[in-house]
């Protein structure tokens, strides 16, 4: 009498499951990589963003997203204009300059931020400046896909 045995094939017998998992991962990555191109064509963000908080004027509250690149001025390092030229150009990106100051050094913080903003505007970058009090004096810039705030129609 011949019977069917249920012995696994050599190599574990899970080959088709790994292939399906690999194909699913590849499909996910391809879909994810297409999102920025679709956003650039439509001019609208495809992910969350409609349910944002509104400010007192009814405008969407400004949002600072995670940075895609950070710039800190260091002696002997590139200037902000040179650094921006080395970044991938993207009209959706906003450069946010952060100037942190200790008490009594507000004017110096504003001068540092203003100089960086002028250098960035020469490259055509959209610039936003945020100045606030802190425990150290420092200035840095963040290049990110921040949500733009526009006036109502």
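Every number here is computed from the coordinates shown, using simple stated rules; none is lab data. The structure presented is a predicted model; accordingly, all values stated were derived computationally and were not measured. For neighbour counting, all protein chains shown are included, and Cβ atoms are generated from backbone atoms with ideal geometry for every residue, glycine included.
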Once you put a point 7 Å from the Cα of residue 102 and another 7 Å from the Cα of residue 72, both along the Cβ direction, what distance in nm separates them? 1.8
With the crude spin-label approximation of a point 7 Å out along Cα→Cβ, what separation in nm comes out for residue 128 versus residue 14? 4.6
Cβ-derived FRET efficiency at R0 30 Å, residue 90 paired with residue 25, nearest 0.05: 0.70
At the level of C-alpha centres, the distance separating the range 73-100 and the range 102-147, in angstrom, is 11
Roughly how many nanometres apart are two label points built 7 Å out from the Cα toward the Cβ at residue 111 and residue 32? 4.6
Sorted by packing (mean other beta-carbon atoms within 10 Å per residue), highest first, where do 92-101, 14-23 land? 92-101, 14-23
